[in-house]
């Protein structure tokens, strides 16, 4: 048991060293922070102005959100918009090794492949927490500052707000684990990245939109990964703007669905790809 714990620690340390010795981690982190910060700040400014009366609905050419639901909607921008980042990070953690042929020395250093995969999972949890912190600081920090400028209650003193922020952090971690599963299953980096982007940016949004108009389809689409993430967090700019007319899952069900996706992809990756010979 002690030897396994030590081996897992060494495998995790090795994985984290790989991540932090390249420029990819801070480039993605910087893009994530700027993207989430600008989006949250812009939307907070628009809806804050509408809520305070500084901007009329006619001038905005869009719906106004009640002031009491603005903070969670703005803060959840981190996951509603930014979830593709942890998903890509997890995917790249694995496919990068297949692409650059670095799995051979990895398996030489950690011959037990299950332990090597476990090391990636633990490292993925650390990376997910790191990127979650960046996204939360961007969305909550900038969003709350802009809302306060329009005299909108930021609700940072509410336990519900901090529970939402905690679920956002857990959502980021789960997205990284799903990404690791996808990368383990789909060895080709280009195919994996294109597949992730196609599904998150086109396929799922279209299915969720159509699900709002087709009877019975919404019962399926709310179990899609992005929809489950929105339910788990408990707020989303898309659902609150009326993009979906159906009720989502309970927050805890959404979390279990996301965990289920991570476990299934990791298990399939282990059975189908991870145990194969490296060529």
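Assorted remarks:
- Of all residues in the stretch 203-216, those being closer than 14 Å to residue 248 by Cα and at pLDDT 85 or above number 2.
- Residue within the stretch 25-33 that is surrounded by fewer than 18 Cβ atoms within 10 Å (Cβ to Cβ), part of a helix (DSSP H, G or I) and modelled with pLDDT under 95 present: yes
Listed here are the residues, each with its yes/no results for (1) closer than 28 Å to residue 104 by Cα; (2) out of contact with any helix residue (DSSP H, G or I) (no Cβ under 7 Å at 6 or more places or on another chain).
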site: 173; (1), (2): yes, no
site: 180; (1), (2): yes, no
site: 183; (1), (2): yes, no
site: 186; (1), (2): yes, no
site: 209; (1), (2): no, yes
site: 223; (1), (2): no, no
site: 238; (1), (2): no, no
site: 270; (1), (2): yes, no
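- Residues satisfying the criterion are present in the stretch 200-207 (criterion: exposed (fewer than 14 other Cβ atoms within 10 Å of the Cβ) and touching a helix residue (DSSP H, G or I) at 6+ places or on another chain (Cβ under 8 Å)).
- As for the stretch 43-51, it holds at least one residue that is modelled with pLDDT under 90 and more than 23 Å from the chain's Cα centre (by Cα).
- The lone exception for residue 18 - which of (1) at pLDDT below 95; (2) loosely packed, with under 14 Cβ neighbours inside 10 Å it fails: (2)
- Per-region count, the stretch 208-225, residues assigned to a helix (DSSP H, G or I) and surrounded by 16 or more Cβ atoms within 10 Å (Cβ to Cβ): 5
- Within the stretch 133-164, the residues that satisfy the criterion of being surrounded by fewer than 20 Cβ atoms within 10 Å (Cβ to Cβ) and either part of a helix (DSSP H, G or I) or in contact with a strand residue (DSSP E or B) (Cβ under 8 Å, 6 or more places away or on another chain) (or both) are 133, 137, 141, 145, 148, 149, 159, 160, 161, 162, 163.
- Only listed residue being over 16 Å from the mean Cα position of the chain (by Cα), in contact (Cβ under 8 Å) with a residue 60 or more places away in the chain and under 21 Å from residue 33 (Cα atoms), chosen from 142, 173, 165: 142
- With respect to (1) surrounded by 13 or more Cβ atoms within 10 Å (Cβ to Cβ); (2) within 17 Å of residue 78 (Cα to Cα); (3) touching a residue at least 12 places away in the same chain (Cβ under 8 Å), the lone exception for residue 273 is condition (2).
The values are calculated or read from the model by the stated rules, or taken from the named source; none is laboratory data. None of the values given here were measured: they were computed from a predicted structure. With ideal geometry, Cβ positions are generated from the backbone for all residues, glycine too; neighbour counts draw on all protein chains shown.
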